[in-house]
1. What ranking do 283-292, 80-89, 18-27 get when scored by the average of other Cβ atoms within 10 Å per residue, highest first?
2. Neighbouring Cβ atoms within 10 Å as the yardstick, rank ILE96, ILE129 fewest first.
3. Be a star and scan region 271-297 for residues whose amide nitrogen sits under 12 Å from the point 7 Å along the Cα-to-Cβ vector of ASN234.
4. Dimensions of region 198-301 along principal axes (Cα, Å, largest first)?
5. Computed over the Cα atoms, what is the radius of gyration of region 22-97 divided by 2.2 N^0.38 Å, N being its residue count?
6. What does the net charge come to around TYR228 if you take all other residues with beta carbon closer than 10 Å to its beta carbon, with K and R at +1 and D and E at -1?
7. Divide, for region 242-282, the radius of gyration over alpha carbons by 2.2 N^0.38 Å, where N is the residue count.
8. With labels modelled as points extended 7 Å from the Cα through the Cβ direction, what inter-label distance (nm, one decimal) is found for ASP139 paired with LYS246?
Amino acid sequence: MLTENTENHRFGTIALAGLPNAGKSTLMNRLVGEKVAIVTPRPQTTRNRITGILTGKDFQIVFLDTPGINKAGGRINEFLNKAAMEGLMSADVIIILVDIARYVGKPHLIQKELGLLKDRVRGFANVFIAANKVDKVKDKKNMLPVIQELADLFPERDILPVSAINGEGCRALLEKAIPLLPQGTALYPEEQISTLPLRFMAAEIIREKLFMQTRQEVPYALAVEIEYWTEQDNLIRIGALIHVLKNSHKSIVIGKKGHVLKTAGMEARQEIESLTGKKVFLETWVKVSPGWNENRDILSTLGMG
Ligand SMILES: Nc1nc2c(ncn2[C@@H]2O[C@H](COP(=O)(O)OP(=O)(O)OP(=O)(O)O)[C@@H](O)[C@H]2O)c(=O)[nH]1
Ligand SMILES: [Mg+2]
C-alpha cells in the first residue's frame, strides 16, 4: 500500500466548506466513492466533522466534510460553526462549495450570503471554489452571471464547475487539489474510508432515515445516541436512543402504529448491514430530552461539545 518513493507521494487534508445544503457531503461521498456522510435535501444535515479517505496510487487524501457555516444562534449552532472553522484551519486545501443553481437569476445574493465565508478563509493560500449542482442549470449561459459574481467576490481564487451528484468536473477538482497537498506517506490502510468509528456512522445512518421520514422542525429536534453495541460471530446488536425535544416530537417519530420508527429502523438496519458486512439487530427507543440541543452533557455524549 505504501509507496516506496515518498518524494512523489502526497498526503494531506482537504476541507469542504460552504453554506448548508451546498452539497458538501454529497461531494465527499462521490470523491471517496463510498457513502461516508449522510445526505438529505434539507440544510444543516451534517453536525460533526466527518472524514472520508481516498487512497490513490501516489496520494492519500483525508477529506473533512464540515457543517454548513450558518448565522443562527444557540449552543448547537455555535458548535457547528466552531467545528466547521476548526476543520478549515487544520486543512491543507479548502474547497468552498457553492450551490450555483441557487443563484441563477439572483447573482446579487452571492455577496450577501458568501461574504462571511470569504472572510473566514482570508489568509489561506490553497483555496478554490467548486460551483456545484451544474446539472440543475439547464441553460448553461444562465450560469455566467453567477460565475462572474463569484469571480468578483473571490478574485484571487479559481472556480471549477462540478456536479457532485453525477460526477461531472470531479476528476478535474482532484487533479487541481492533489498537487497542492504536502509530500508524505499514506497514514491509513488503503481500504479504510473514514477515521470515524462504525458506531458513530451507524448513529448517523439512523438519524438520516429519521430526518427523511419527518418534517418541519422535527428533523432538527432529533439526535441519536448508541446505547449499546455488541458483536458476536456475525451478528451486531445495536441499541439506539433517539432524543427528541418534546412529547409531540416523540409521537411523530414513533408514528401511527409505530410505522415511522419501524420504517426508519428497517432502512437503517439494512444500510448498517451493508456497511459492516454483518447481520444487524437494531433496537430503538425514543426519549424526550428537553433542551438536549442546549445541554452541554448530552451534546458532549453526542460528540458535539
Ligand atoms: N442536482 C444536484 N443536487 C445535488 C448536488 N449535490 C448535492 N445535491 C443535493 O443537495 C442536497 C444537499 O446535499 P448535502 O450533500 O446534504 O449538502 P451539505 O452541503 O452537506 O449540507 P449540510 O450538511 O446541511 O451543510 C441533497 O438533496 C443532495 O442530493 C448536485 O451536484 N446536483
Ligand atoms: Mg452535509
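1. 18-27, 80-89, 283-292
2. ILE129, ILE96
3. 277-280
4. Principal extents (Cα only, largest first): 38, 31, 17 Å.
5. 1.11
6. Neighbourhood net charge equals 0.
7. 1.37
8. 4.5 nm
Here, each number is a calculation from the coordinates, and none is a lab measurement. Note that the structure is predicted; figures quoted are calculated from it, not measured. Positions of Cβ are backbone-derived with ideal geometry, glycine not excepted, and every protein chain shown enters the neighbour counts.
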